[in-house]
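To keep things clear, I will list the structure first and then write my remarks on it.
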Amino acid sequence: MKLLITGAGGQLGVDLVRHATAAGDDVTGVDHATLDITARDTVRRLVADLRPDAVINAAAYTAVDACETNVATAHAVNAVAVGHLSEACAEIGAHLVHVSTDYVFDGTLDRPYREDDATNPQSVYGRSKLAGEAAAGPAAAVARTSWVCGEHGNNMVKLVLRLAAEPGRLAFVDDQRGCPTFTADLAPALHRLALERRTGVHHLTNQGAVSWFEFVQEVLGASGHDPARVDPIATSELDPPRPAPRPANSVLDNAVWRDAGLPLLRDFRAPLAELIAALAK
Ligand SMILES: NC(=O)c1ccc[n+]([C@@H]2O[C@H](COP(=O)([O-])OP(=O)(O)OC[C@H]3O[C@@H](n4cnc5c(N)ncnc54)[C@H](OP(=O)(O)O)[C@@H]3O)[C@@H](O)[C@H]2O)c1
């Protein structure tokens with residue numbers, strides 16, 4: 001497969017390029033400096049010149065709290081630019097795979113969210129990503145994921161390892177639940193969406209739902225630290241409060257993927273252990 005990967009310098013993008021290259025694809029990965037996806041003409045020219053079979057968009061404005069004030073940038077990158085990619089793909093018959101988020105939901109449901117559950121984003125980031133799903137269009141595959149961690153980039157695993165190296169206790173919220181998802185497992189699933197030209201919304205997360213507090217306990221335990229070093233707190237106790245509201249329930253039921261007979265991503269504890277081993281090298 002001839003593949004174009006946008007946002008190739010990001011946490012997910014790096015592992016997407018790595019996976020697709022190892023799978024034998026003809027891969028062009030473009031980072032932010034090489035291709036700004038908000039530049040419509042440049043996007044169309046690149047896609048028309050390269051003529052990939054598929055485009056996987058891993059580019060996004062992911063600074064969730066900063067989005068609350070940088071509304072125009074959030075909308076331009078996470079929504080309008082996805083339309084540019086969709087348009088460019090349609091012109092040459094390339095398949096678009098676009099990555100979205102659990103933040104399209106308000107988090108009030110008392111069970112895991114299915115793909116067809118009502119969306120109701122509570123943050124600028126969530127609203128921009130939901131608009132991006134619409135801009136991707138019905139011919140695209142949209143993969144909603146959550147709590148992404150990988151070797152390249154900032155994430156909760158790296159934060160906990162940094163904090164654990166210092167003395168003192170840790171405190172993390174126990175009233176937001178989700179499924180930690182590792183780029184090493186997410187990348188092959190996104191690659192499959194591209195290869196098989198699947199369409200529509202897919203929830204794609206590692207299995208295993210935890211609160212942030214419980215996830216931190218897992219990270220501490222898996223890295224040889226004492227899991228009892230972290231205390232549970234409520235979101236309301238965060239000081240200062242974070243500008244963007246987070247969904248209390250971020251758990252995504254991977255129903256469409258499962259119902260298609262595709263293998264669910266592993267329990268998150270397996271790629272967590274692998275990531276910790278890789279970071280220790
Ligand atoms: N991280 C999470 O917990 C999480 C959870 C759910 C869903 N997601 C989704 O997963 C996808 C990948 O996220 P990630 O964790 O890999 O985020 P990331 O590390 O922030 O990667 C995003 C990349 O997009 C680039 N970018 C920003 N604006 C751009 C533009 N205008 N044109 C081209 N590239 C641009 C960024 O470059 P610069 O840094 O140079 O600006 C960055 O390299 C995103 O769609 C995100 O919404 C992430």
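The chain: D in µm²/s via Stokes-Einstein (Kirkwood Rh, Cα pairs, 37 °C, 0.692 mPa s)? The partial results should precede the final answer.
Working: Rh = 19.1 Å.
Rounded to a whole number, D works out at 172 µm²/s.
Going by a ≥ b ≥ c, the root eigenvalues of the Cα gyration tensor, does segment 22-65 fall in the rounded group (a/c under 1.5), the prolate group (a/b larger than b/c) or the oblate group? Don't skip to the end; give the middle numbers.
Values: a/c = 2.50, a/b = 1.30, b/c = 1.93.
Because a/c hits 1.5 or more and a/b fails to exceed b/c, segment 22-65 counts as oblate.
Relative to a virtual label point 7 Å from the Cα of Glu274 in the Cα→beta-carbon direction, which members of segment 111-151 show backbone nitrogen distances below 15 Å?
Residues passing the 15 Å test: 149-151.
Can you tell me the equivalent ellipsoid semi-axes for segment 1-136? Use √(5λ) from the Cα gyration tensor, largest first, whole Å. Don't jump to the answer; show the numbers that get you there.
On the way: eigenvalues 136, 55, 40 Å².
Over the Cα atoms of segment 1-136, the semi-axes work out to 26, 17, 14 Å.
Projecting each Cα onto the charge dipole of the chain (Lys/Arg +1, Asp/Glu -1 at the beta carbon, about the Cα centre), which of Pro245, Pro232, Thr28 comes out farthest on the positive side?
Thr28
Could you give the size of the charge dipole of segment 1-69 about its Cα centre, using +1 on the Cβ of each K and R and -1 on the Cβ of each D and E, expressed in debye and rounded to the nearest 20? Provide the component values of the computation, followed by the final result.
Numbers: 6 positive and 10 negative charges, 53 e Å.
In total the dipole reaches around 260 debye.
Over segment 1-118, what relative contact order in percent results from Cα pairs under 8 Å that are six or more residues apart? Display every interim value, and only then the final one.
On the way: 159 pairs, mean separation 32.8, N = 118.
Once normalised by length, the contact order is 28 percent.
Want the number for His152 to Lys281: 0.36 nm per residue separation, take away the alpha-carbon distance, what's left? Don't skip to the end; give the middle numbers.
Numbers: separation 129, 0.36 × 129 = 46.44 nm, distance 1.38 nm.
Value of the extension gain: 45.1 nm.
Write down the accessible area per residue of the chain in Å², having rolled a 1.4 Å probe over the full set of protein chains.
On the way: 12010 Å² over 281 residues.
That works out to 43 Å² per residue.
Could you work out the relative contact order of the chain, using alpha carbon pairs under 8 angstrom and six or more residues apart, expressed as a whole percent? Before the final figure, lay out each step's value.
On the way: 590 pairs, mean separation 58.4, N = 281.
Rounded, it is 21 percent for the chain.
Could you work out the helix-only [θ] at 222 nm for the chain, with each DSSP H run of four or more residues adding -39,500 (n - 2.57) and the total divided by the number of residues, to the nearest 500 deg cm²/dmol? Walk me through the numbers on the way to the answer.
Values: 11 runs with 107 residues, N = 281.
After summing the helix terms and dividing by the residues of the chain, the value is -11000 deg cm²/dmol.
Amide H of Tyr113 versus every other amide H placed in the peptide plane: which residues, excluding those fewer than 5 positions away on the same chain, fall under 5 Å?
Amide H to amide H, under 5 Å and 5 or more residues apart or across chains, Tyr113 pairs with Val251, Leu252, Asp253.
Taking amide H positions as placed in the peptide plane 1.01 Å from N, state which residues far from Val142 in sequence (5 or more) or on other chains have amide H under 5 Å from it.
Here His98, Gly200, Val201, His202 satisfy the definition.
Could you size up the charge dipole of segment 66-198 around its Cα centre, putting +1 on the beta carbon of Lys and Arg and -1 on that of Asp and Glu, and report it in debye to the nearest 20? List each step's numbers first, then the result.
Numbers: 12 positive and 16 negative charges, 47 e Å.
I would put it at about 220 debye.
Could you give P(r) for segment 132-281, binned at 5 Å from zero, as whole percent values over all Cα-Cα pairs?
Binned Cα distances yield the sequence 2, 9, 17, 19, 18, 15, 10, 6, 3, 1, 0.
Rounded to two decimal places and with Rh computed the Kirkwood way over Cα pairs, what is Rg over Rh for segment 127-170? It would help to have the intermediate numbers written out before the result.
Details: Rg = 16.8 Å, Rh = 13.5 Å.
Radius of gyration over Kirkwood radius for segment 127-170 works out to 1.25.
Rg(Cα) of segment 242-281 divided by 2.2 N^0.38 Å? If you can, show how the numbers build up before the last one.
On the way: Rg = 15.2 Å, N = 40, 2.2 N^0.38 = 8.9 Å.
Cα-based Rg divided by the globular estimate yields 1.70.
Under the rule of at least 5 residues apart or a separate chain, name every residue whose amide H is placed under 5 Å from the amide H of Ala171.
Asp231
For the chain, what % of the accessible area comes from carbon and sulfur atoms, probe 1.4 Å?
Values: 6350 of 12010 Å².
Looking at the chain in its full context, I get 53 percent from C and S.
Shape verdict for segment 223-262, please, from the Cα gyration tensor: rounded (a/c under 1.5), prolate (a/b greater than b/c) or oblate.
Numbers: a/c = 4.11, a/b = 1.54, b/c = 2.66.
Because a/c hits 1.5 or more and a/b fails to exceed b/c, segment 223-262 counts as oblate.
Return P(r) of segment 82-184 (all Cα-Cα pairs; 5 Å bins starting at 0; whole %; ordered from short to long distances).
Answer for segment 82-184: a P(r) of 2, 10, 16, 18, 17, 15, 9, 6, 3, 2, 1, 0 percent.
Based on Cα positions only, what radius of gyration and what Dmax would you give for segment 180-260, in angstroms?
Rg, Dmax (Cα atoms, Å): 16.5, 46.
Treat every Asp and Glu Cβ in the chain as -1 and every Lys and Arg Cβ as +1, leave all other atoms uncharged, and give the resulting dipole magnitude about the Cα centre to the nearest 20 debye.
Details: 25 positive and 35 negative charges, 88 e Å.
That gives a dipole near 420 debye.
Can you work out the PRE-style zone for Ala139? Point 7 Å along Cα to Cβ, and I want the residues of segment 41-67 with backbone N under 20 Å.
Answer for segment 41-67: 41-58.
The values are calculated or read from the model by the stated rules, or taken from the named source; none is laboratory data. This one's a predicted model, so the numbers in the text were calculated from it and none came from an experiment. Methodologically, a virtual Cβ is constructed for each residue, glycine included, from the backbone with ideal geometry; neighbour enumeration extends over all protein chains shown. Ligands, DNA and RNA are stripped out before the accessible areas are found, and what is left, the full protein with its side chains, is counted by its heavy atoms. Shrake-Rupley method; radii C 1.70, N 1.55, O 1.52, S 1.80 Å.
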